[in-house]
Structure formats: C-alpha cells, structure tokens
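Below is one structure; the comments refer to it alone.
The values are calculated or read from the model by the stated rules, or taken from the named source; none is laboratory data. Given the structure is predicted, the values throughout are model-derived calculations rather than measurements. For neighbour counting, all protein chains shown are included, and Cβ atoms are generated from backbone atoms with ideal geometry for every residue, glycine included. These accessible areas exclude ligands, DNA and RNA; they are computed on the full protein's heavy atoms, side chains included. Shrake-Rupley method; radii C 1.70, N 1.55, O 1.52, S 1.80 Å.
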Amino acid sequence: MRKLKTAVLLIAALHGANAWAASSDEIQVYDDAISDPGEADMDVHINYVPSGIKTPAYPGEIPAHHNFRITPEFAYGLNKNWDAGLYLPIIREGGGDWHAEGMKLRLKYMADHSTVGFYWGLNGELGYSSHRTEEQHWNFELRPILGYKNKDWNLTLNPIFGTALSGSDHTPGFSPAVKISRRVTEKTWISIEHYADYGPTNALRSLTQETYLTTDTEVFGHALNIGFGRGWTKDSNDWTLKAIVNVPF
C-alpha cells in the first residue's frame, strides 16, 4: 500500500494544477530489462507537452499542445526470455476533457546474454486506438533491441517499424530511437535519449527529431525515469516532459 501511495503522489506532483500532456503513450527506449519469470508489475508512463504542435495532422486528431497523457503498463514475466504487457492509455486534451484511448498488447523477447557486452531482443506491439490519437484504429509496431553495456555505460538502439493494419495504406514507417546512459551513482544513471520519425519507408524524410535529457534512479523503492525533451524540426513538439514510475506487485 505504501508503494502504491508513493506512485500516486509522484503522479500528482507531475500533473500539477492544470498541466502536463503528451505526444505519445510512452516515450521510452527499450534495453535488456525484462520481467522475471512469474513477476508482475506496472509502469506508469506520464507525458506532458507544455509547448507543442497545435494543428491536427488529420481531421479529428487531438494536437499535442497542452495535452497530458497517463498510461498504465501491466507486465508479466512468462519465462527468462519472454514477457508480456498490456497498455491502457488515457489522454487529457488541452481543454480539460479526459478520454480512454483504447489498449495495446506487447510481447517482448530478450536473448540470453551476460551482464557485460552485447545484447539483443525483439518487441512487438498490437494496438487499438481511438481516432483522436491515431489516424487508423489498428496498428502494429516491431521494435528490435540492440545494445552494449558495461559497468558504467549502456548504449541502446531501437530501429522501430510501425504500420497501420486498418485503412488502405499499410506502408511501414521508420522511427528509430537511441539511448546513451552513464552511471553516476550505484542507483542513478544520466542519459541522452533521441527519438526520430522518418515517415514511410518508401519516402523517407526527417519529420520529427526530439532529444531528451533523462535520469534513471530509484525513489522509495520505485524505479523512476524522468526527463525533458526538445524538438528540432517544425513537425516536432518544442518541449515535452516525461516520467515512468515502476510499481511492483
């Protein structure tokens, strides 16, 4: 109960009186972390865009400016190499209205590897979203996980491919993400995270480029990732704030 109260307090502190909002239900680079067999936990993704895109990309979309998004992600370790997850995204638009945005199922595989050296894995996500946040209702994402780590450094690349399963256009999009982390204390890492979107693979071009300064640490027994990001292109949000709070069951 104390852990749950701590998570709620952290969420409330991030939300503030009238603000926080988000550009996506999760802003995260996947590394070799995976739930232990039989272990259940929850990550709470919290994102807010204080200054961002104000024009909808398609009719009916909620633009990112002044939107707050909170997404509980429930995870369960199937065995030492596989875990599964369920996302339940919720968004609050700038006008104050709240919306449930569907659901997303995740399945992640991590190959056997040592605590030092190269690692790799693969994550797949199948999601259903409202038209407020996705142009098509059904979407699929394939996220390879490639990384190298030692005692003080962790370098991770996610070359992400996503496609709409509904609608008429199923051309995959390419949106790579990279994270460079440096250990500064026993429980704290400082990182640079970069997220890009190059659009459909048959017409690649730079659409969004956003760079985040983040820290991964532990607060009252909870793993916490928190940081802020800056957009560098006209199709990016100017500033985004994000946090991920882990709540073990």
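Listed by first and then second residue, the pairs linking a residue in the stretch 63-89 that is touching a residue at least 24 places away in the same chain (Cβ under 8 Å) and of a type in the set (Val, Ile, Thr) to a residue that is surrounded by 16 or more Cβ atoms within 10 Å (Cβ to Cβ) and in a loop (DSSP other than H, G, I, E, B), with Cβ atoms under 7 Å apart and 6 or more places separating them unless they lie on different chains, are THR71/ASP25; THR71/GLU26; THR71/PRO89.
Annotation: VAL44 fulfils all but one of (1) in contact with a Phe, Trp or Tyr (Cβ under 6 Å, 6 or more places away or on another chain); (2) at pLDDT 90 or above; the unmet one is (1).
You will find that of GLU101, GLU135, the residue that is of a type outside the set (S, T, N, Q), in contact (Cβ under 8 Å) with a residue 40 or more places away in the chain and open to solvent by 80 Å² or more (accessible area, probe 1.4 Å) is GLU135 and no other. Residues that are within 17 Å of ASN67 (Cα to Cα), open to solvent by less than 60 Å² (accessible area, probe 1.4 Å) and not hydrophobic (A, V, I, L, M, F, W, C) within the stretch 81-98 comprise PRO89, ARG92, GLU93, GLY94, GLY96, listed in sequence order.
Annotation: ALA57 fulfils all but one of (1) open to solvent by 60 Å² or more (accessible area, probe 1.4 Å); (2) at pLDDT 95 or above; the unmet one is (2). The sole residue among LEU165, LEU157 that is open to solvent by 40 Å² or more (accessible area, probe 1.4 Å) and under 24 Å from GLU135 (Cα atoms) is LEU165. For ASN139, the conditions (1) under 19 Å from VAL29 (Cβ atoms); (2) in a strand (DSSP E or B) are fulfilled apart from (1). One residue stands out in the stretch 104-132 among those that are open to solvent by less than 40 Å² (accessible area, probe 1.4 Å) and of a type in the set (A, V, I, L, M): the one that is nearest to the chain's Cα centre (by Cα), namely MET110. Which residue pairs have Cβ atoms under 6 Å apart, sit 6 or more places apart or on different chains, and have a first residue in the stretch 178-202 that is over 17 Å from THR215 (Cβ atoms) and a second that is among the polar types (S, T, N, Q) and surrounded by fewer than 14 Cβ atoms within 10 Å (Cβ to Cβ)? Short answer, once both residue conditions are applied: PRO200/THR171; ASN202/THR171. Among residues of the stretch 217-232 being open to solvent by less than 40 Å² (accessible area, probe 1.4 Å) and at pLDDT 95 or above, the one that is nearest to ASP197 (Cα to Cα) is GLY231. When each of LYS179, LYS187 is tested for being under 21 Å from ASP43 (Cα atoms) and assigned to a loop (DSSP other than H, G, I, E, B), the lone residue that passes is LYS187.
The residues in the stretch 11-33 that are more than 23 Å from GLU210 (Cβ to Cβ) and modelled with pLDDT under 95 can be counted, and the count is 4.
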